[in-house]
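Here is the structure we will look at.
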Amino acid sequence: MAPTGEIMSHPARGQLMGNRGCLHDDNGRLRQARWKTKAWISCQLEFRGRRRRIMSPRSYTELFFLDEATALAAGHRPCCECRREAAMAFRHAWQKGVAEVARMSEIDATLHTARIVPHTRRQRRISADIRDLPAGAFILHDGQPHLVRTGCVLPWSPDGYGMPTARPRIPVTVLTPAPILKTLAAGYRPEMAGAFA
């Protein structure tokens, strides 16, 4: 899955798996729906020896992410079961940056409003000065997703990040939902793939 929220087919193995409910039919083909629940989560690839067949009939659709920064840009939060420590750290930073009292259901509802434009089913994007963005956020730069790091941006691909380039000096289109930007600014540190993380 891309930071733009697009579901894509690619052989690269990411660091995390995501879940938005069952998005496929019994033959493993994606349907039109891109979510069936507001609880968009990111999970470990291995947990307690569980085994699944990808796109099992009448079960959730597995979505894979290069890393957690990618998952956050697509609007997914850490799973409370398999990534409990990360989920509690995310919630703690959310309480500092977004809302003091926050149950996961409230976080999911707030995120859903922030990540989707009503009636279009498209990713909500905002414009911002890159100097105001925390490390770990995603922007569009030259039409491609880029990870924001201190002093540079890294071009994203399903296989990993490219070489660092200078941060753009113009307002940028931000892919990461606004409440997650505040959570990152409040101290949440996502797992990021590659040598530049």
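Between Arg58 and Ala12, how many nm apart are label points set 7 Å from Cα along the C-beta direction?
A separation of 3.6 nm, rounded to one decimal place.
With the other protein chains left in place, how much accessible area per residue, in square angstrom, belongs to the chain at a 1.4 angstrom probe?
Per-residue value: 53 Å².
Arg167: net charge of surrounding residues, Cβ under 12 Å, Lys/Arg +1, Asp/Glu -1, itself excluded?
Once positives and negatives cancel, what remains is +1.
Within the set of other residues whose C-beta is less than 12 Å from the C-beta of Glu191, count the net charge using Lys and Arg as +1 and Asp and Glu as -1.
Overall, the nearby charge balance is -1.
Residues with beta-carbon under 14 Å from that of Ile126, excluding Ile126: net charge, scoring Lys, Arg +1 and Asp, Glu -1?
+3
Contact order normalised by length for the chain, with contacts defined as Cα pairs under 8 Å and 6 or more residues apart; what percent is it?
So the answer I get is 23 percent.
Loop-only chymotrypsin sites (Phe, Trp or Tyr not before Pro) in region 114-197, please: DSSP not H, G, I, E or B, and at most 15 other Cβ atoms within 10 Å.
Phe196
Which value, in Å² rounded to 10, gives the accessible area of Leu111 with a 1.4 Å probe and all protein chains present?
Spelled out: Leu111, probe radius 1.4 Å, area about 0 Å².
Which lysines have a Cα lying under 20 Å from the Cα of Lys96, excluding residues fewer than 8 positions away in the same chain?
Lys182
When averaged across all projection directions, what area in nm² does the alpha-carbon convex hull of region 1-149 cover?
So the mean shadow area of the Cα hull is 9.9 nm².
Mind checking region 1-51 for chymotrypsin sites (Phe, Trp or Tyr not before Pro) that DSSP puts in a loop (not H, G, I, E or B) and that have at most 15 other Cβ atoms within 10 Å?
Here the chymotrypsin sites (Phe, Trp or Tyr not before Pro) that fit, given the DSSP loop and packing criteria, are Phe47.
The values are calculated or read from the model by the stated rules, or taken from the named source; none is laboratory data. In this text, all values refer to a predicted model and were calculated from it rather than measured experimentally. Cβ atoms come from the backbone with ideal geometry, glycine included; neighbour counts cover every protein chain shown. Note: areas computed on protein heavy atoms with side chains; ligands, DNA, RNA excluded. Shrake-Rupley method; radii C 1.70, N 1.55, O 1.52, S 1.80 Å.
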